[in-house]
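Visitor: One structure coming up, written as C-alpha cells, with questions to follow.
Each reported figure results from applying straightforward, stated rules to the coordinates on display, with no laboratory input. All figures in this text were calculated on a predicted structure; none of them were measured in a lab. Here the Cβ positions follow ideal geometry from the backbone for every residue, glycine too, while neighbour counts run over all protein chains shown.
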Amino acid sequence: MDLVFRDVEVVDGSGGPSYRADVAIDGGRIAAIVKEGAAAGCQRPTARRVVDAEGLALSPGFIDMHAHSDLALLRDPGHAAKAAQGVTLEVLGQDGLSYAPVDDRTLGEVRRAITGWNGDGSDLDLDWRTVGEYLDRLDGAHGGRGIAVNAAYLVPQGTVRMYAVGWEDRPATASELDRMRQLVAEGLEQGAVGMSSGLTYTPGMYAPDSELTELCRVVAAYGGYYCPHHRSYGAGALQAYEEMVALTREAGCALHLAHATMNFGVNKGRAPELLALLDEALDAGADISLDTYPYTPGSTTLVAVLPSWASEGGPEAVLTRLRDEETAERIRHHLEVTGSDGCHGVPVDWDTIEIAGVTEPGLVEHVGRRVDSWATARRLLLDDRLGTTILQHVGHEENVRTIMRHRVHTGGSDGILQGLKPHPRAYGTFPEYLGRYVRELGVLSLEECVAHLTSRPAARLRLPDRGLVREGYVADLVLFDPQTVASGATYAAPRTLPTGIPHVLVDGRFVMDDGRRTDVLAGRAIRRSPA
C-alpha cells in the first residue's frame, strides 16, 4: 500500500458511531479498512508510509458548498486558506456572478462587478469564455498549474442574464430567454453541477420568477440543482424562501439554499419558522438542502446594499448616479428611510457595516472601521470605484445554532479571500464547526457534524465515490485532533490558519502534511455526473 493510518478513530461521514481501525490508501483510493478487533487471521495492512494516528480522527474531506475562490484558485493554486481547514472540494460560481460563460463584453463587466470578491483579474490571463474552458483551466490546461483542492462549478444566472440581456431592469424577450436557456444548458453539458442566482445583486435580481422557472427546468433536465441567494434575508425573508421553494417545485428542480440565514432585527429568533416551512416542503416530497457558516456577520460588497434601480446599466452607470447630488440623495433616502432591496428591505444601520477591504491603496485607513454615514459610504464607493468589501453585523447566534442542526444542513464558508480584513469564515469555517460548535458548545455531535460537512454535500453533488470513508472511495481525507482542532482566524487576524488538522489528502496525496502545506496540486475540476 501507499499509506496506512494506524489506530485511527474513523468518523466515516455517515453520521453513525465512530470506530477504531487501520485505514490503507493505495492508488488514490481507500484500499482497506481493518477495524480493531477484526476476526483472527485478518492481517493488518502495511505500507510504504505508516502514520501513527493514535488519538486522532479520520474523516472524509470537507466540502465547502459555497465558496468564492473562482480566481483565488488560479492566483494561488496552493490555496492554504481552504486546504489547511481540511476542505478537499469547494463549489464555485456562487450568487449568480462568476466568470463563465462570457463574451469579451460580459467578462469586462463581471470583472468590474465583483472586484470586491475576487480582485479585478488583471494579474491573470482570463482567456477562457465557456464553462468547459474555465474547468479545463482549473485542471491545469491553457497555462494553468492545477489546484490544491477539487472544485465544482455552478452556472451563474446573473452572468448569463448580463450576457444575453445586459443590465436592464426588464423581462427578457423570447429570443433572449432562449439564449439564456442555451447558455445554461451548455454550461451543464460542459460539467457545471447546477445554477446559482444572486437575487439581491444586479442584474440577476431583475429576472422575474417566470424566467427563473424556465432556467430551472433546464437545470432539472440535466440532473443539476438550483442554488439561489434569494431576494431577502431581512424583511420578507420567509416569503423569499417560500418563493424559491414554490419556483423549484414547479420546475421539478432540486433546491439548495445558499447561506440560509435569518438576519437583521426583524428575524431575531425566527429560525424555527424557516425550518417549519422547509420541513413541510420536504415532507411533501421536495428535494431541498441548505448551507450555512458558523458566524453571525455577513460579508458582501458595499455597492450591493444600494437599491437595484441605482445599479441598472452596470458599474459605470452606478458611479454616474453617485456623482449626481440629486440622485445620491434619492439613494440615501432608499437606504436610510424606506429600506433598499439591496439591503434586504431593511433601513440601513451604518454602525453594523464594517469595511473589510478596499482596492485603492490610499483608502486602507478605512479598513476595520465602521461606516458612520451615507456621506462616508458614498465617498468610498466613488474613490474605490465600487471595489469596497464589507462585513455586515446583522446575524443572530440563536438562529445560527438552530439552523445548523437541521436534517438537510451542510457547511459553506461563503469565504471572500480579498481585502486586508476579510471575514474570518474564509479561513476558519470548518474548524469552527468542529472546535466551537462540537467540542465547546455541543450543538452537534462529532459524528453528526462530520456528516453535515461530507456525505450530505456529496449526495447533493451526486458524487458516487466521495463523502464517506469507505473501501473503494476516493482518498480525499482529513486527519484531525478532536481535542484541539480550532479556528485560528479572528476578526482582528482573519488570515490565521487553524490548529489541530495535521494531515489533509486529496486523491490520496498529502496537501497538508504535519500541519504544513506541501507543493502538491492534486485537485481537479469535478464535473457534473450524468443524469
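Visitor: Using alpha carbon centroids, what distance separates segment 333-347 and segment 250-296, in Å?
Guide: With segment 333-347 and segment 250-296 each reduced to a Cα centre, they are spaced 23 Å.
Visitor: Based on the alpha-carbon gyration tensor of segment 300-391 and its eigenvalue square roots a ≥ b ≥ c, which shape applies: rounded if a/c is under 1.5, prolate if not and a/b is larger than b/c, or oblate?
Guide: Values: a/c = 1.70, a/b = 1.21, b/c = 1.41.
It is oblate, given that a/c is not under 1.5 and a/b is not larger than b/c.
Visitor: Also: Counting only the backbone N, which residues of segment 370-387 are under 14 Å from the spot 7 Å out from the Cα of Trp350 toward its beta-carbon?
Guide: Answer for segment 370-387: 370-381.
Visitor: What is the magnitude of the charge dipole of the chain about its Cα centre, with +1 placed on the Cβ of each Lys and Arg, -1 on the Cβ of each Asp and Glu, and no other charges, expressed in debye to the nearest 20? Write down the numbers at each step before the final one.
Guide: Details: 52 positive and 73 negative charges, 155 e Å.
About 740 debye.
Visitor: Lys/Arg Cβ at +1, Asp/Glu Cβ at -1, dipole of the chain taken about the Cα centre: which of Val219, Pro315, Val165 is farthest positive-ward?
Guide: About the Cα centre, the residue reaching furthest to the positive side is Val219.
Visitor: So, in nm, how far is label Arg405 from label Val367 when the simple model puts each one 7 Å beyond its Cα toward the Cβ?
Guide: A separation of 3.9 nm, rounded to one decimal place.
Visitor: Reachable lysines from Lys268, Cα under 29 Å, same-chain residues fewer than 8 places away excluded?
Guide: Excluding near neighbours in sequence, the set is Lys421.
Visitor: To continue, here is another question. What are the ³J(HN,Hα) couplings of segment 259-266, residue after residue, when phi is run through the Karplus curve with 6.51, -1.76, 1.60 and θ = phi - 60°? Round to Hz, x for glycine and proline.
Guide: Values, residue by residue: 5, 7, 10, 10, 10, 6, x, 5 Hz.
Visitor: Right, here's the next one. Just rank Phe480, Phe430, fewest to most, by other beta-carbon atoms within 10 angstrom.
Guide: Details: Phe480 27, Phe430 30.
Fewest to most other Cβ atoms nearby, the residues stand as Phe480, Phe430.
Visitor: Mind listing the long-range amide H neighbours of Gly415? Cut-off is under 5 Å, sequence gap 5 or more, other chains count too, H placed in the peptide plane at 1.01 Å from N.
Guide: His68
Visitor: Sticking with this structure for a sec: Of the options Tyr437, Ser455, Ala426, report the single residue whose Cα projects farthest towards the positive end of the charge dipole of segment 424-480 (beta-carbon charges: Lys, Arg +1; Asp, Glu -1).
Guide: Final value for the positive-end residue is Ala426.
Visitor: Let me ask something additional. For a quick check: with amide H placed at 1.01 Å from N, whose amide H comes under 5 Å from Leu3's, ignoring anything fewer than 5 positions away on the same chain?
Guide: Ile25, Arg48, Arg49
Visitor: So how far, in whole Å, is the C-alpha centre of segment 354-393 from the one of segment 485-531?
Guide: 31 Å
Visitor: For the chain, build the charge dipole from Cβ charges (+1 Lys, Arg; -1 Asp, Glu) around the Cα centre, then report which of His406, Gly93, Val155 sits farthest towards its positive end.
Guide: With unit charges placed on the Cβ atoms, the residue in question is His406.
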